[in-house]
1. Go through 292-304, 27-39, 232-244 and give me the packing order, highest mean Cβ count within 10 Å leading.
2. For segment 304-354, report the % of Cα-Cα distances exceeding 19 Å.
3. Starting at the first residue of segment 190-206, write each ³J(HN,Hα) from the Karplus equation 6.51 cos²θ - 1.76 cosθ + 1.60 with θ = phi - 60°, in whole Hz, x for Gly and Pro.
4. Taking the Cα centre as origin and putting +1 on Lys and Arg beta-carbons and -1 on Asp and Glu beta-carbons, what dipole magnitude results for segment 1-148, to the nearest 20 debye?
5. Provide the gained length on full extension for the span Arg167 to Asn360, in nm with one decimal, where the gain is 0.36 nm per separating residue minus the Cα-Cα distance.
6. Among Ile234, Gly207, Phe320, pick out the residue whose Cα is farthest towards the positive end of the charge dipole of segment 201-354, where Lys and Arg carry +1 and Asp and Glu carry -1 on C-beta, about the Cα centre.
7. Percent antiparallel among DSSP beta bridges with both residues in segment 201-354, to the nearest 5?
8. Among Arg282, Arg325, what is the fewest-to-most ranking by other Cβ atoms within 10 Å?
Amino acid sequence: MEERYITAIDLGTSKITIAVAKVTGNDVQIVYYNESPSQGIKNSSIYNPTMVSVNLKKAVKEAEDELKIKITKAVVGLPRYYVKQETANATLNRTDGDAPISKEEIEGMKSMALEEYPLNDAKKEVIYGAVAQSFSTEDYINQLEKDVVGMVSDTLEGNFKIFIGNRRSTSNIDTAFNAIDLAVAKKYFTPSVMAKACLSEEEIENGVALIDFGAGTTSVTVYQGKIMRHYASIPFGGKSITDDIKNESTISERLAENIKLAYGACMPNKLQNLSEKVIEIRKSDNGPVHINVKYMSEVISRRVEEIVDAMLYEIQSSGFADNLRSGIVLTGGGANLTNCSNYIKELSGYNVRIGFPRRNMISSDCNGVFEAEAATVIGMILAAKEEVHIVCATESATTQYATAPIQRAAATVPPATPAYNPPTYKAPAARPATPTPTHYEPMESTHFEPAHTANAPVPPTKQANPSQAATAKVAPTPAPAPAPAPKPVKVEKAKENEGVLIDPEEYGPEQAKPKKIRKENVYWTKIKMAFDKGMGNLYDMAHDDESKQE
């Protein structure tokens, strides 16, 4: 099967998340995942495309350098705030009422609902998507999409939920991507695709409320009967909690965010030992700032309670509050707050769990892929996997050359080469002979004199300089005969104070000269042994006499 890359980008209020997946058939492997700080985004909507493009370009470049690929496209999520939902109906008069209803007719009705729905202000509004709620025929009403396919009818009527957003928010996405020469493959309404990542089929069928607790926006999506029934969002989230900590403690936003991540918790009465801790922050200009963890937990709990109350109101407004058999699934960065899921359970009465990306859907060794805040990008990747025309990256030129098989050239007859004629060897010019010394100077005191025969003739060279010949003691033999054994030089007696051993008492016992055992010591030893023996015998005899007298 052919491999292809899918790149998903989530533009969040506090961070930009980028994930790259390698898709082979139904196999999805996340090969890259990274989160970086964002600027120019508020409530999940871009208000400054220039600032976003700077951080986005850096994030994409890091992914390309690590994977050795060229990212040309990306799927991106639409803003989750400033979204309203409307109800629309579409009717199809079929030409052949006896023919079964096909899947293509259902998709055509969805397109009809998107194209023909009247917007209040087409210049400011745009349709994010449409979700079919039910279908009706001449004989049956409120049928699900999977059930109506294959039925026969002269007319088909569909009931849809239309989600409408701000056009400026979507155009700012295009502006930011065009600034870095990156095409948008598709824009997804993220609440409709997150269910693929963190919800099971049983939960979607039995009824569940998916709460995405983000930084700038918190949204709730209600599913029942495998259909998305309701959506709503509020402009409050994790950043609101950070601002509360910052204002209460008079510290910077960055420091407040770090404290929230390290010690943020709900339900102060259930913190046990953590409630007794006090955080001390030292400032250079003023005195230290003390933050009680229990008091900070009370501040966080009040804000979370406000957000949860808004979500519960939207669940009641959906009309499916009593049909949520699977309870609430909490996802997003806010789900990492300690005791957050337990607090929502206490406030709502529903069973609450944290929604992590399902491991049976993807495989990855990257850090952070299976955390709650990664559900959005993973959901977009799973949605893009079903659209085979989406290819977001290609391998770089260096990688293609490294992995491409070697092409063997066709066999050809090489041209005849001329015979090789080695150059003629020329002997080097003879070196000048080394001049033979005319005499040798004697050494100071240690030298060897070769032995000469009694009648050995004197070499001519010695006769040429009689004044030097008289002082020379060594004469080389002209013949190449082997030299006789040398005569050792007489060793002179060492001068006084030379060769004296170092005093052992002054410089250590290692220099001490071994002592000889004098013979008289042997005699004295024998005499001492005899004397000791005699004295012992005398003592024994005296002791025996005393005992007898008693």
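1. The peptides rank, most packed first, as 232-244, 292-304, 27-39.
2. More than 19 Å apart: 19 percent of the Cα pairs in segment 304-354.
3. 4, x, 7, 10, 5, 4, 5, 8, 10, 10, 8, 4, 5, 5, 5, 6, 7
4. 1120
5. Numbers: separation 193, 0.36 × 193 = 69.48 nm, distance 3.66 nm.
Between Arg167 and Asn360, full extension yields an extra 65.8 nm.
6. Looking along the dipole axis, the top candidate is Ile234.
7. 70
8. Arg282, Arg325
No value in this document is a laboratory result; all are computed from the given coordinates. For clarity, every value in this text was computed on a predicted model and none was experimentally measured. Cβ: placed from backbone, ideal geometry, glycine included. Neighbour counts: every protein chain shown.
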